[in-house]
Amino acid sequence: ELDPKLIHQPAAFRRLEQPLADTTAVSVPDAAPLRISGRPDRIDFFPDNSFTVYDYKSGNIEKKNKYEVKGLKDGISLQLPLYVAAVEAKDPNRSGDAAFYQIHPRGVKLRRFSKDVLYKHLPDILSYCKSYRSGMQNGVCSPNPNSSDCSYCPWRFVCRVTTGGEE
């Protein structure tokens, strides 16, 4: 049986696994625009000029704050809000929200970030991005060693910060 929260209005058109048209510039206060590129898992566009960006996650994401509003506040959940900002930058007449589908052997769950939540946290998200970009440009790009994401990093064996690295 399908969870009623997973049922939504039919999309006027849908983009699946298609890269954003080109690198999109998103305005950042007091800084150069942030260039966004990527390949969203899915974007549904609706007749009322709204859209939803979806990301599909497999496995258990229950314990990862990056898939909750806390991830937006803490600057660790950037992908979906930035995809929404990129689509809106390309077409200012549209406004969007975002959602994760958690696909797990026990079922499918939907976690949605409403437009209100995204817009509330977007200034902080852009501020985090500005800070991260500045650090990278200055050679400061240390990973979060407390994150389970390091276990998936192909550079973890040569990283000087994570377990198994030189330091």
* Electrostatic dipole magnitude of region 66-125 [Cβ: Lys, Arg +1; Asp, Glu -1; Cα centre; debye, to 20] -> 280 debye
* On full extension of the chain, what length is gained from Lys130 through Arg112, given 0.36 nm per residue of separation minus the C-alpha to C-alpha distance? -> 4.0 nm
* Structure fact -> Expressed in square angstrom to the nearest 10, the accessible area of Lys57 with a 1.4 Å probe stands at 50 Å²
* Ranked highest first by average number of other Cβ atoms within 10 Å, how do 77-83, 91-97 line up? -> 77-83, 91-97
* Leaving ligands, DNA and RNA out of it, work out the accessible area of Glu17 with a 1.4 Å probe and give it in Å² to the nearest 10. => 90 Å²
* If packing is taken as the mean number of other Cβ atoms within 10 Å per residue, what is the order of 41-54, 21-34, highest first? -> 41-54, 21-34
* Positive-end extreme of charge dipole, region 78-140 - chosen from Leu122, Tyr132, Gln79 (charges on Cβ) -> Gln79
* With a sphere of radius 9 Å drawn around the Cβ of Tyr101, what net charge do the other residues whose Cβ falls strictly inside it have (Lys, Arg +1; Asp, Glu -1)? -> +2
* Stretch gain in nm, segment His104-Gln18, where the contour uses 0.36 nm per residue and the Cα spacing is subtracted -> 28.6 nm
* To do: Express in nm, to one decimal, how much length is gained between Ala25 and Asn93 on full extension, taking 0.36 nm for each residue of separation and deducting their alpha carbon distance.
  => 22.9 nm
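The values are calculated or read from the model by the stated rules, or taken from the named source; none is laboratory data. As the structure is a prediction and not an experimental result, all values here were calculated from the model. We place every Cβ from the backbone using ideal geometry, glycine too, and count neighbours over all the protein chains shown. For the accessible areas, the whole protein counts, side chains as well, though only heavy atoms, and no ligand, DNA or RNA atoms are used. Shrake-Rupley method; radii C 1.70, N 1.55, O 1.52, S 1.80 Å.
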